[in-house]
Amino acid sequence: MPKLAMLNQQGESIGKINLSKEVFAVENNEQVIYDVVKQQRAAMRQGTSKVKNRSAVRGGGKKPYRQKGTGHARQGTIRAPHYVGGGVVFGPTPRDYDYKVNRKVRRLALKIVLSDKVRQKNLIAVDSLALASQRTKEMVTVLNSLKAEGKVMVVLGEANELVETASRNIPNVVTVAYNHMSVYDILNTNMIIATESALKKIEEVLS
């Protein structure tokens, strides 16, 4: 069973916390991570690319010349795809790139990346986060006390408007609720700071 040092927001050790091995000690599986990240990246695509086909492009309502006797191939419109200014054949149209990945696979991928953070000692457990105000300077002090460097994800067990507002303007720091974490976001961070309540709720959801 993995153990983590429990810190307060001043960076002082106040004990240890036992983590569930079913959630925080899962073996790596690169294929599972790849499948989930690929789906999440696809879901981020806007899918708003659009071209006009021959029926949507402006003009071309008149037959350019008579059917026979000109020596040229017969044409019905100058907006056919082979004309300059004509419609586009098989071009992109608005679509949704999202697709389904099984719920068990998504949950397994989340366990794997969390376990990897624990193995690399990039998961910091704090008993709670409480700020006196929503000033950014207060959150910077907390991060410095916890020695959090690089891209940091702060995971909360419940909504905390002061923490969320105070960390909003800090570069490379994102604050999320425990149920809004994604595999892609976790992989894109160097360090995770999680409150004790967030860790307990993560175990409840993923166990």
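Points to keep in mind about this one:
- The range 105-134 - residue that is of a type in the set (Lys, Arg) and touching a residue at least 24 places away in the same chain (Cβ under 8 Å) and, of those, nearest to residue 11 (Cα to Cα): 117
- Assessment of the range 14-36 against the conditions (over 28 Å from the mean Cα position of the chain (by Cα), farther than 30 Å from residue 195 by Cβ and not polar (S, T, N, Q)) yields no matching residue.
- Qualifying residues in the range 1-58 (those that are in contact (Cβ under 8 Å) with a residue 24 or more places away in the chain and among the acidic types (Asp, Glu)) - the one surrounded by the fewest Cβ atoms within 10 Å (Cβ to Cβ): 27
- Scanning the range 60-96 for residues that are within 30 Å of residue 40 (Cα to Cα) and among the aromatic types (Phe, Trp, Tyr) yields one hit, 90.
- Looking only at the range 184-207, residues that are aliphatic (A, V, I, L, M) and over 20 Å from residue 121 (Cβ atoms) come to 2 in all.
- Residues considered: 118, 113. Of these, the only one that is in the same structural domain as residue 151 (by TED's automatic domain parsing), in contact with a Pro (Cβ under 6 Å, 6 or more places away or on another chain), outside any strand (DSSP E or B) and closer than 24 Å to residue 155 by Cα is 118.
- Residue that is surrounded by the fewest Cβ atoms within 10 Å (Cβ to Cβ) [pool: residues in the range 122-135 that are out of contact with any strand residue (DSSP E or B) (no Cβ under 9 Å at 6 or more places or on another chain) and of a type outside the set (A, V, I, L, M)]: 133
The values are calculated or read from the model by the stated rules, or taken from the named source; none is laboratory data. Everything quoted here is computed from the prediction, not taken from an experiment. Ideal geometry is used to build each Cβ from the backbone, glycine not excepted, and the neighbour counts take in all protein chains shown.
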